[in-house]
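Just below is one structure, and these are the notes that go with it.
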Amino acid sequence: MRRKLAAGNWKMNGLSAELAEVEALCAAHPDPKVDLLIAPPATLISSMVVTASDHRLAVAGQDCHAEESGAHTGDISAQMLKDAGASHVILGHSERREDHNESDDDVRSKARTALAAGLKIIICIGESLEEREAANTLDIIAGQLAGSLPDILTGENTIIAYEPIWAIGTGKVPTLGQIGEVHDFIRTKLEARFGEGVGRSIRLLYGGSVKPSNASDIFAVSNVDGALVGGASLKASDFSGIIKALEDAI
Ligand code: PGA
């Protein structure tokens, strides 16, 4: 059984004052039936780990460098994230792929380094609107899976987030049929490459304009094991609504 996961991605949002949102979230979910995770900006990782220390809330980085250490001003290594108390790292988010020209190869290298540092990885994939409209979605997804995932992974240390780029921060959401088609396709690909056992144990999150109002419908789709939530993870009240919807989907 894959345990469901509600993951929040704060992106470049959040100052110390926003730790109050995490306190409120933990108070609202003292005994969650699903896994909870937030990826704050790197500056808040240590303090969020302290805030969440008595709670079942994992803290994640939003990116890491492919190398273990070295002359890379401004970058953060996987070991540094781990040292700060993070348990996971998001890799290959479309905003990284776009803003920093990250390729599938880059994402795979980072994934290897992160796993070696003892972090669990959340690998993001997803098509652009152009690719969707040209009916290339499944080809794009297949290519990103083949290129971004390292050869050695398990259901324990790897999570995949399907995030159509055109749905991120736009309020637009694919139809439930479109989400199901991609998630089923990802599952089939994972089973083919890693074997049925591992392929079936990797959790698949949907991401892109998930809100309390659409979460229940999305969580009812086959092979959707949770969500990666951007905007609606910043406020405890919104994220809490999504967490409740996910608990109801068990
Ligand atoms: P959104 O972002 O929920 O604000 O659309 C999702 C993401 O980028 O992970």
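The values are calculated or read from the model by the stated rules, or taken from the named source; none is laboratory data. No experiment lies behind these values; they were computed from the predicted model shown. FYI the Cβ positions are ideal-geometry reconstructions off the backbone, even for glycines, and counts take in every protein chain you see. Protein only, heavy atoms only, side chains kept; ligands, DNA and RNA dropped before computing areas. Shrake-Rupley method; radii C 1.70, N 1.55, O 1.52, S 1.80 Å.
Within segment 86-102, can one find any residue that is within 16 Å of the ligand (Cβ to nearest atom), surrounded by fewer than 19 Cβ atoms within 10 Å (Cβ to Cβ) and in a loop (DSSP other than H, G, I, E, B)? Yes - at least one qualifying residue is present in segment 86-102. State whether one or more residues within segment 15-22 are within 16 Å of the ligand (Cβ to nearest atom), surrounded by fewer than 19 Cβ atoms within 10 Å (Cβ to Cβ) and either in a helix (DSSP H, G or I) or among the aromatic types (Phe, Trp, Tyr) (or both). So far as segment 15-22 goes, yes, one or more of its residues are within 16 Å of the ligand (Cβ to nearest atom), surrounded by fewer than 19 Cβ atoms within 10 Å (Cβ to Cβ) and either in a helix (DSSP H, G or I) or among the aromatic types (Phe, Trp, Tyr) (or both). Going through (1) at positive phi; (2) within 19 Å of the chain's Cα centre (by Cα) one by one, ALA135 falls short only on (2). For GLY155, state whether it is of a type in the set (Gly, Ala, Ser), open to solvent by less than 40 Å² (accessible area, probe 1.4 Å) and in a helix (DSSP H, G or I). No. Residues in segment 144-156 include at least one that is more than 25 Å from LYS244 (Cα to Cα), touching a strand residue (DSSP E or B) at 6+ places or on another chain (Cβ under 7 Å) and within 16 Å of the ligand (Cβ to nearest atom).
Residues in segment 111-143 that are away from the ligand (no atom under 16 Å from the Cβ), part of a loop (DSSP other than H, G, I, E, B) and touching a helix residue (DSSP H, G or I) at 6+ places or on another chain (Cβ under 9 Å): ALA117, GLY118, LEU119, ASN136. A residue that is of a type in the set (Lys, Arg) and either under 20 Å from VAL107 (Cα atoms) or touching a residue at least 60 places away in the same chain (Cβ under 8 Å) (or both) can be found somewhere in segment 235-247.
Could you tell me whether ILE140 is closer than 21 Å to ALA192 by Cβ, open to solvent by 40 Å² or more (accessible area, probe 1.4 Å) and at pLDDT below 95? When the stated conditions are applied, ILE140 does not pass them.
Among the residues of segment 158-173, those identified as within 17 Å of SER103 (Cα to Cα) and outside any helix (DSSP H, G or I) are ILE160, ALA161, TYR162, GLU163, PRO164.
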